[in-house]
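Novice: Take this structure first; my questions come after.
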Amino acid sequence: MIADNSLQAVSRRTLLTGGLAAGFVLAFHLPLRAAVNEPEQPKDATDGKFAPNAFIRIDETGRTVLIMPQVEMGQGIYTSISMILAEELDADWAEVAVLHAPPNDQFYANPVFGLQATGGSTSIRAWWEPLRAAGASARAMLVQAAAAQWQVEPASCTTSKGEVMHTASGRSLSYGALALAAVEQSPPKDVPLKDPKDFVYIGQPLKRLDTPDKVNGKAVYGIDAILPGMKFATVAACPVFGGKVGKVDDSAAVKVAGVRKVVVLDDMVAVIGDHMWAAKKGLEALKIEWNKGPHAELTTRDIWQDLRAASEKDGVVAKSVGDIATGLASGDKFEASFELPFLAHASMEPINATVHVRPDACEIWTGTQIMTRVQSEAAKAAGLPVDKVIINNHLLGGGFGRKLEPDMVIAAVKIAKQVDYPVKVVWTREEDIQHDVYRPIYRDQVTASLVDGKVAAWKYKVAGSAVIARWLPSAFEKGIDIDAVDAAVETPYDFPNFHVEYVRAEPPAVPTGFWRGVGPNNNVFAVECAMDELARKAGKDPVEFRRSMLTKSPRALAVLNLAAEKSGWGQPLPPRVGRGICVQP
């Protein structure tokens, strides 16, 4: 079992509920001829193989290649998606290999987003049914091929570990032996899926497919791409967002051994060298004057003042239950504000992209969470049609939302356009941190009332950036950012009067984006800190306080009880040791 890298070529939950149907149709009702004609597929992806849909390839040896619509960045998605496909296909796990999907929104769009993207912890939820259906459909075609050869009814055949069996006659055929005959079968519709009690792979502690190559050093990340004649580059961008390059004195830089070229762009300067050290030393030798632009004097204090002022305004109502005004007028009142700073992603693998721009084509080697968007943006930067841009996607050394942005590839393409050889552009850690697309700053305000030791009213206001408005405008409706309020509108607690508002407040100049956990890493912190303070105000143990308000969430209550039990809640702790608990929907 190997990760085959040789062939290259509302809330989120609400969106998922509404988006699965479209993804289901795109994902597995794909006739063979459409798969063969996929312009983005590797040349030998379907030749001589059983390719019933966009996700499965079986050759005459029985080797089963599963095409991954989501990218692997350490979260184990290649293994889990393979398990889903292999389960319904009844594949032989020992014969399974995986392959990056090429950029293609038609076949590989995440049903949540409507485009080919990996993020928001949506991979399993989004692809659960479509991939099961894809596997089941392919299995049915293999069964039909075997039944036709044996002249028996398909219903009399069974499958297991890459074989079709006819128990009554004792005959069996491997999937490899059936591959060519299965090509002639018509993909059936609405194939029944397995009952969970019959699962063979799902739920089992199978070893991850990507682990061996990561241990022995064979795993290929974006930064590992090495091409003949390739040079290295590193960059310095304007230290103020929105600023531009003024003057560049490169007289000392070009004298550094190994420096090949200094490239001056609108807002950054790059030095290309024979190796990374030459590029880095050359960059350090540059004398750059920056035109810092209108935000030259902007400070963190200014940004916080703007956000605090915005948070005092009325927001757009994201959810309201009961009578919040009446509820807050009764009982013991509580008010608190919680502020969360900008956060950089700091992925373990430095931001990078390797690019070779030729007059008629552009080829890119990188690790990205959003392949088709990178392809289209790179095409714009290169001045080429989209179909002339080839994306070779690799394993990601951490993504966390940072690689849902195409900016690093756009910059690399602009740099590579200035030379006729491939260039690997690597951002130093300092440049990466200083020019990230940051988790937004947020200010969350909680106003609540206590009656008889329980929360009688809960008013929650979130103020901060609307990342979704920029990244996926179609999902930004009625002024509500579904990520900014995620885990705030879906509390497990039984609050009789419940009200959530959102205030969009964009910081000047500073780019903001998705950051691991998205809304919950902001809102759960504020909600659960407030719950602890309310428990103290009510004179109750934090666990008991939460239990009393989880009457309509038996699953959350069971999880809370189990966590309390396993942590020894209520038992004495050693000196200087603390213990806390929270409930996240």
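Novice: Could you list, in sequence order, all residues of the range 397-417 that are in contact with a helix residue (DSSP H, G or I) (Cβ under 6 Å, 6 or more places away or on another chain) and not in a helix (DSSP H, G or I)?
Specialist: Listed by number, the list holds a single entry, Pro406.
Novice: Of (1) buried (at least 18 other Cβ atoms within 10 Å of the Cβ); (2) closer than 30 Å to Asn392 by Cβ; (3) of a type in the set (S, T, N, Q), Ser174 satisfies all except one. Which?
Specialist: Answer for Ser174: the failing condition is (2).
Novice: What is the number of the single condition among (1) out of contact with any strand residue (DSSP E or B) (no Cβ under 9 Å at 6 or more places or on another chain); (2) in the same structural domain as Asp483 (by TED's automatic domain parsing) that Met549 does not meet?
Specialist: The failed condition is (1).
Novice: If Ile433 satisfies all but one of (1) out of contact with any Cys (no Cβ under 7 Å at 6 or more places or on another chain); (2) crowded, with 20+ Cβ neighbours inside 10 Å; (3) of a type in the set (Val, Ile, Thr), what's the number of the condition it fails?
Specialist: The failed condition is (2).
Novice: Find all pairs meeting these conditions: Cβ atoms under 6 angstrom apart; at least six residues apart or on different chains; first residue within the range 480-496 and acidic (Asp, Glu); second residue modelled with pLDDT of 95 or more and not in a loop (DSSP other than H, G, I, E, B).
Specialist: Asp481/Ile468; Asp483/Ile468
Novice: Continuing with the same structure: Taking the stated definitions as given, is Phe338 closer than 23 Å to Thr512 by Cβ, at pLDDT 95 or above, touching a helix residue (DSSP H, G or I) at 6+ places or on another chain (Cβ under 7 Å) and of a type in the set (Phe, Trp, Tyr)? Full working, then the answer.
Specialist: Details: closer than 23 Å to Thr512 by Cβ: yes; at pLDDT 95 or above: yes; touching a helix residue (DSSP H, G or I) at 6+ places or on another chain (Cβ under 7 Å): yes; of a type in the set (Phe, Trp, Tyr): yes.
Here the answer is yes, as Phe338 does meet what is asked.
Novice: Something else: Across the range 552-573, what is the number of residues that are aromatic (Phe, Trp, Tyr) and either surrounded by fewer than 16 Cβ atoms within 10 Å (Cβ to Cβ) or in contact with a strand residue (DSSP E or B) (Cβ under 7 Å, 6 or more places away or on another chain) (or both)?
Specialist: Taking the range 552-573 as the starting set, the residues that turn out to be aromatic (Phe, Trp, Tyr) are 569.
Pick out the ones that are also either surrounded by fewer than 16 Cβ atoms within 10 Å (Cβ to Cβ) or in contact with a strand residue (DSSP E or B) (Cβ under 7 Å, 6 or more places away or on another chain) (or both) and you get none.
Number satisfying all stated conditions: 0.
Novice: Would you check if Ala97 is within 29 Å of Lys403 (Cβ to Cβ), of a type in the set (Gly, Ala, Ser) and more than 18 Å from the chain's Cα centre (by Cα)? So that I can check it myself, show each step before the final result.
Specialist: Details: within 29 Å of Lys403 (Cβ to Cβ): yes; of a type in the set (Gly, Ala, Ser): yes; more than 18 Å from the chain's Cα centre (by Cα): yes.
The answer is yes for Ala97.
Novice: Moving to a separate point now. Here is a check on your reading of the model: is Leu283 surrounded by 14 or more Cβ atoms within 10 Å (Cβ to Cβ), over 20 Å from Asn523 (Cβ atoms) and among the aliphatic types (A, V, I, L, M)? Before you say what the answer is, go through the steps one by one.
Specialist: On the way: surrounded by 14 or more Cβ atoms within 10 Å (Cβ to Cβ): yes; over 20 Å from Asn523 (Cβ atoms): yes; among the aliphatic types (A, V, I, L, M): yes.
Yes.
Novice: Can you name the number of the only condition in (1) within 15 Å of Glu528 (Cβ to Cβ); (2) surrounded by fewer than 15 Cβ atoms within 10 Å (Cβ to Cβ) that Arg576 fails?
Specialist: So Arg576 meets the others, but not (1).
Novice: In addition: Considering the range 207-224 alone, what residues qualify as being aliphatic (A, V, I, L, M) and surrounded by fewer than 16 Cβ atoms within 10 Å (Cβ to Cβ)?
Specialist: Within the range 207-224, the first condition is being aliphatic (A, V, I, L, M), and the residues that meet it are 209, 215, 219-220, 223.
Within the range 207-224, just Val215 meets the criteria.
Novice: Among the residues of the range 349-391, count how many are of a type outside the set (D, E, K, R), at pLDDT 95 or above and surrounded by fewer than 19 Cβ atoms within 10 Å (Cβ to Cβ). Give the steps one after another, and end with the answer.
Specialist: So the first thing to find is which residues in the range 349-391 are of a type outside the set (D, E, K, R), and the list is 350-357, 359, 361-362, 364-372, 374-376, 378-379, 381-386, 389-391.
Now narrow it down to the ones that are at pLDDT 95 or above: 351-357, 359, 361-362, 364-372, 374-376, 378-379, 381-386, 389-391.
Next, only the ones that are surrounded by fewer than 19 Cβ atoms within 10 Å (Cβ to Cβ) stay: 359, 361, 376, 379, 383-386, 390.
Total satisfying the criteria: 9.
Novice: In addition: Give Lys459, Lys414, Lys424 a once-over and let me know the one that is touching a Leu at 6+ places or on another chain (Cβ under 9 Å), buried (at least 24 other Cβ atoms within 10 Å of the Cβ) and among the charged types (D, E, K, R). Talk me through it step by step, then tell me what you get.
Specialist: Working: Lys459 fails: buried (at least 24 other Cβ atoms within 10 Å of the Cβ); Lys414 fails: buried (at least 24 other Cβ atoms within 10 Å of the Cβ).
The conditions single out Lys424.
Novice: Then there's this: Residue by residue through the range 54-72, note down the ones that are in contact with a helix residue (DSSP H, G or I) (Cβ under 7 Å, 6 or more places away or on another chain) and assigned to a strand (DSSP E or B).
Specialist: Pass one, the range 54-72, residues in contact with a helix residue (DSSP H, G or I) (Cβ under 7 Å, 6 or more places away or on another chain): 54-56, 58-64, 66, 68-70, 72.
Once the filter is applied, which keeps residues that are in contact with a helix residue (DSSP H, G or I) (Cβ under 7 Å, 6 or more places away or on another chain) and assigned to a strand (DSSP E or B), the range 54-72 yields Ile56, Ile58, Thr64, Leu66, Met68.
Novice: Now for a different question. Specify which of the listed residues (Val510, Val527) is in the same structural domain as Phe495 (by TED's automatic domain parsing), touching a Ser or Thr at 6+ places or on another chain (Cβ under 8 Å) and at pLDDT 95 or above.
Specialist: On the way: Val510 fails: touching a Ser or Thr at 6+ places or on another chain (Cβ under 8 Å).
None of the others qualify; the one that does is Val527.
Each row is one residue, and each column tells you yes or no for (1) among the hydroxyl-bearing types (Ser, Thr, Tyr); (2) surrounded by fewer than 18 Cβ atoms within 10 Å (Cβ to Cβ).
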| position | (1), (2) |
| --- | --- |
| Ala134 | no, no |
| Ser137 | yes, no |
| Met141 | no, no |
| Ala146 | no, no |
| Ala155 | no, yes |
| Thr158 | yes, yes |
| Gly162 | no, no |
| Ala179 | no, no |
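Novice: May I pose another question? How many residues does the range 262-290 hold that are within 20 Å of Ile410 (Cα to Cα), in contact with a Gly (Cβ under 8 Å, 6 or more places away or on another chain) and of a type outside the set (Val, Ile, Thr)?
Specialist: Result for the range 262-290: 3.
Novice: Check off (1) outside any strand (DSSP E or B); (2) among the polar types (S, T, N, Q); (3) more than 25 Å from Trp471 (Cβ to Cβ) for Ser337 and give me the number that stays unchecked.
Specialist: If we test Ser337 against (1) outside any strand (DSSP E or B); (2) among the polar types (S, T, N, Q); (3) more than 25 Å from Trp471 (Cβ to Cβ), just (1) comes out false.
The values are calculated or read from the model by the stated rules, or taken from the named source; none is laboratory data. A quick note: this is a predicted structure, and the numbers were derived from the prediction, not measured. FYI the Cβ positions are ideal-geometry reconstructions off the backbone, even for glycines, and counts take in every protein chain you see.
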